[in-house]
Amino acid sequence: MEKLSDRLDRPIVLVGLMGAGKSTVGRRLAKRLNLPFVDSDSAIEDAAGFSAAEVFERFGERDFRDGERRLVARLVDGSVGIIATGGGAFVDPTTRQLLNERAITVWLDAPVEVLSERTARRDTRPLLRTADPKATLETLAEQRRSSYAEAHIHVRSGRGGHNEVVERIIAAVAEHLDR
Ligand code: S3P
């Protein structure tokens, strides 16, 4: 079988809620396929000189989204690699359309219980600085489901290991390319 990385003519982009494992899984997927990895929140940080959370808090969600939209557009410049997006990027209609045109999009979908446990470990997400972060995640999951469902590929992840998710993404992308 031809190597998956040789068959790719566009990046693989991971989308989904905070805590779904986009960055961790993305980094491992990139390593496994020997491809470069970019995390859009880190790229925002490099460009802005502030962390994604600081940009969000200093300038507000609207400016953050504008910057994110421009940055993601620059990231899908034709090169092949793995891109992990911030959880809200794919909810933006312009970004969603662009990513579905220029990338293979993968929705990493985990139950809210798992997202809640993972995101509780670090206080780096402005949207979850609420009285009840789990309820906020539930609301976001509800609001965003139909956007994430527009990704080319839907991969479920749970408490199991990230490596298993990596293998499932590889199989699903190979199948997608065969279609
Ligand atoms: C956001 C997700 C965060 C970050 C920002 C907003 C969102 O990224 O971009 O805090 O709207 O879901 P992660 O999904 O990597 O946590």
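Please return the ranges of helices (runs of 4 or more DSSP H) entirely within the stretch 1-83 where 3 or more residues are closer than 23 Å to Arg156 by Cβ and under 12 Å from the mean Cα position of the chain (by Cα). Explain how you work it out, then say what you get.
Working: elements: 4-7, 22-33, 40-48, 52-59, 61-75.
Output list reads 22-33.
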Restricting to the stretch 135-147, what's the tally of residues that are acidic (Asp, Glu) and either free of Cβ contacts under 8 Å to residues at least 12 places away in the same chain or touching a Pro at 6+ places or on another chain (Cβ under 8 Å) (or both)?
1
Can you tell me which of Thr94, Thr124 is within 13 Å of the ligand (Cβ to nearest atom) and of a type in the set (Val, Ile, Thr)?
Thr124
With respect to the numbered conditions (1) over 25 Å from Glu101 (Cβ atoms); (2) free of Cβ contacts under 8 Å to residues at least 12 places away in the same chain, which one is the sole condition not fulfilled by Asp6?
(1)
I'm told Thr105 meets every condition in (1) farther than 14 Å from Leu8 by Cα; (2) touching a residue at least 40 places away in the same chain (Cβ under 8 Å); (3) more than 12 Å from the ligand (Cβ to nearest atom) except one. Can you identify the failing condition by its number?
(1)
Within the stretch 85-102, can one find any residue that is part of a loop (DSSP other than H, G, I, E, B), farther than 19 Å from Ala149 by Cβ and either at pLDDT below 95 or out of contact with any helix residue (DSSP H, G or I) (no Cβ under 6 Å at 6 or more places or on another chain) (or both)?
no
Residue in the stretch 32-55 that is farther than 28 Å from Asn163 by Cβ, in contact with a Phe, Trp or Tyr (Cβ under 8 Å, 6 or more places away or on another chain) and surrounded by 22 or more Cβ atoms within 10 Å (Cβ to Cβ) present
yes
Hey, could you check the stretch 110-121 for residues that are within 26 Å of Gln97 (Cα to Cα) and within 13 Å of the ligand (Cβ to nearest atom) and say which is surrounded by the most Cβ atoms within 10 Å (Cβ to Cβ)?
Leu115
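Could you please let me know if Ala73 is within 11 Å of the ligand (Cβ to nearest atom) and out of contact with any Pro (no Cβ under 7 Å at 6 or more places or on another chain)? Steps first, answer last, please.
Values: within 11 Å of the ligand (Cβ to nearest atom): no; out of contact with any Pro (no Cβ under 7 Å at 6 or more places or on another chain): yes.
Answer is no for this residue.
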Do we have Ser146 as outside any helix (DSSP H, G or I) and either more than 13 Å from the ligand (Cβ to nearest atom) or among the β-branched types (Val, Ile, Thr) (or both) here?
no
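Looking for something under 24 Å from Phe59 (Cα atoms), surrounded by 12 or more Cβ atoms within 10 Å (Cβ to Cβ), touching a residue at least 24 places away in the same chain (Cβ under 8 Å) and basic (Lys, Arg) - is there at least one such residue anywhere in the stretch 148-161? Before you say what the answer is, go through the steps one by one.
If we filter the stretch 148-161 for residues that are under 24 Å from Phe59 (Cα atoms), which is where we start, we get none.
Within the stretch 148-161, none of the residues are under 24 Å from Phe59 (Cα atoms), surrounded by 12 or more Cβ atoms within 10 Å (Cβ to Cβ), touching a residue at least 24 places away in the same chain (Cβ under 8 Å) and basic (Lys, Arg).
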Filter result (more than 10 Å from the ligand (Cβ to nearest atom), among the charged types (D, E, K, R) and at pLDDT below 95) within the stretch 14-61:
Glu45, Asp46, Glu54, Arg58
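The values are calculated or read from the model by the stated rules, or taken from the named source; none is laboratory data. Not measured: the values here are computed from a predicted model. Methodologically, a virtual Cβ is constructed for each residue, glycine included, from the backbone with ideal geometry; neighbour enumeration extends over all protein chains shown.
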